[in-house]
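As structure tokens, the structure follows; a few thoughts come after it.
The values are calculated or read from the model by the stated rules, or taken from the named source; none is laboratory data. As the structure is a prediction and not an experimental result, all values here were calculated from the model. Here the Cβ is made from the backbone with ideal geometry for all residues, glycine too, and neighbour counts use every protein chain on show. Just so you know, the surface numbers come from the protein's heavy atoms only, side chains and all, with ligands and any DNA or RNA stripped out. Shrake-Rupley method; radii C 1.70, N 1.55, O 1.52, S 1.80 Å.
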Amino acid sequence: SLFFFLMIRRPPRSTQSRSSAASDVYKRQDIIEPKFDVQFEKLNVLDRNHFRQIGINFKPTCIIHLAAILSAKGEQDIDFAIKLNNESFKIALDLSVELNSQIFVPSTIGVFGPTSPKVMTPNETVLIPHTIYGVTKVYMELLGNYYNNKFGVDFRSIRYPGTISPGLPGGGTTDYAVDIFHSAIKTKFYSCFLRSDTRMPMMYIDDLIEGTVQFLETDNSKLKSRVYNMSGFSFTPEEIAAEIQKYIQDFKIDYKPDFRQAIADSWPHSIDDTKAKQDWDWNPKVNFELMTQIMLQKTGEMYKIPEEGAAKIDLNLSLIHI
């Protein structure tokens, strides 16, 4: 699990451009010390007093609260998932009231359940999740909406799909879509914990970051909701394996579904993010094919291919830089 949140102090809107947003981070709390130059302080996000003191000292205009136990890990420790996900959010939310700051907390496709529409799941629909992670995120969405109505808090959230990035998997059910690239590069073989036909919505990390910054910078008056669906593309393990085989022809995959299959079966196959596109001009740039190329190249660079013990692969990719 990753205990991670940002406090951002923005300059006046008139002096800030979208491209500068990433440099506006002045404080970062994490259990891993950053390798870049930012103000940094370790924080137990369940320590209300320390959390509040940091906020008072820093006076952020935005709190980005990312601390959470994800879907698969949450099922292994239900009590701690409830404690961390719910209590740390309530602490952050109360602080945003006191400091009159914007607050952003990620939501997830995990808020949907078996009774939600499977195809093009709409922004407003039934939310009866079958994971404790999803339950805590429904609580977060409802409490955030309540604080917006009751106290005027500028609460915002995005229901992220599976997020694909070159980093190592972090304990989610959609993480097979990251792990498969590491296995393809290292051994040319992957044993998947889902069925071959399990379709889930995904997106590439660069789109996620750009879209989130765009959402946070959108004028509050333009938002018709506090929580938005967001997606890039959908695919199955069988489809991503076939796409990888275009570049690594002898890559092999097998399927050994485990407890995560039931989690995936309760989630949507695709997401309708029309409201995000209408209200704040969300527009992903990376499609399924380009994501595969980017991931193969970047994951290969992580392992410095070719090297002894790893599959020697000539990727020879020509990528579009975004």
**Request:** Just read off the accessible area of residue 259 with the full protein assembly in place, 1.4 Å probe, to the nearest 10 Å².
**Result:** 90
**Asked** How much area per residue is accessible in region 170-212 when the probe is 1.4 Å and only protein heavy atoms are counted (Å²)?
**Response** 28
**Request:** Read phi for every residue in region 222-239 and hand back ³J(HN,Hα) as whole Hz from Karplus 6.51 cos²θ - 1.76 cosθ + 1.60, θ = phi - 60°, with x for Gly and Pro.
**Result:** 8, 8, 9, 8, 9, 10, 10, 5, 8, 7, x, 6, 10, 7, 10, x, 5, 6
**Asked** What is the packing order of peptides 175-182, 190-197, 45-52, taking the mean over residues of other C-beta atoms within 10 Å and listing the highest first?
**Response** 175-182, 190-197, 45-52
**Message:** How much accessible area per residue does region 67-146 have, counting only protein heavy atoms and a probe of 1.4 Å, in square angstrom?
**Reply:** 39
**Asked** When only C-alpha pairs under 8 Å and at least 6 residues apart count, what is the relative contact order of region 162-305, in percent?
**Response** 36
**Request:** Taking H placed 1.01 Å from N in the peptide plane, check which residues at least 5 places from residue 68 or on another chain put their amide H under 5 Å from its amide H.
**Result:** 2, 4
**Message:** Could you work out what % of the accessible surface of region 184-272 is carbon and sulfur, using a 1.4 angstrom probe and leaving DNA, RNA and ligands out of the count?
**Reply:** 49
**Message:** In 10 Å bins starting at zero, report the fraction of Cα pairs in region 123-276 per bin as a rounded %.
**Reply:** 10, 35, 32, 16, 6, 1
**Prompt:** How large is ³J(HN,Hα), in whole Hz, for each residue of region 249-259 in order, when computed from phi with the Karplus curve 6.51 cos²θ - 1.76 cosθ + 1.60 and θ = phi - 60°, using x for Gly and Pro?
**Reply:** 5, 9, 5, 10, 9, 10, 10, 9, x, 10, 4
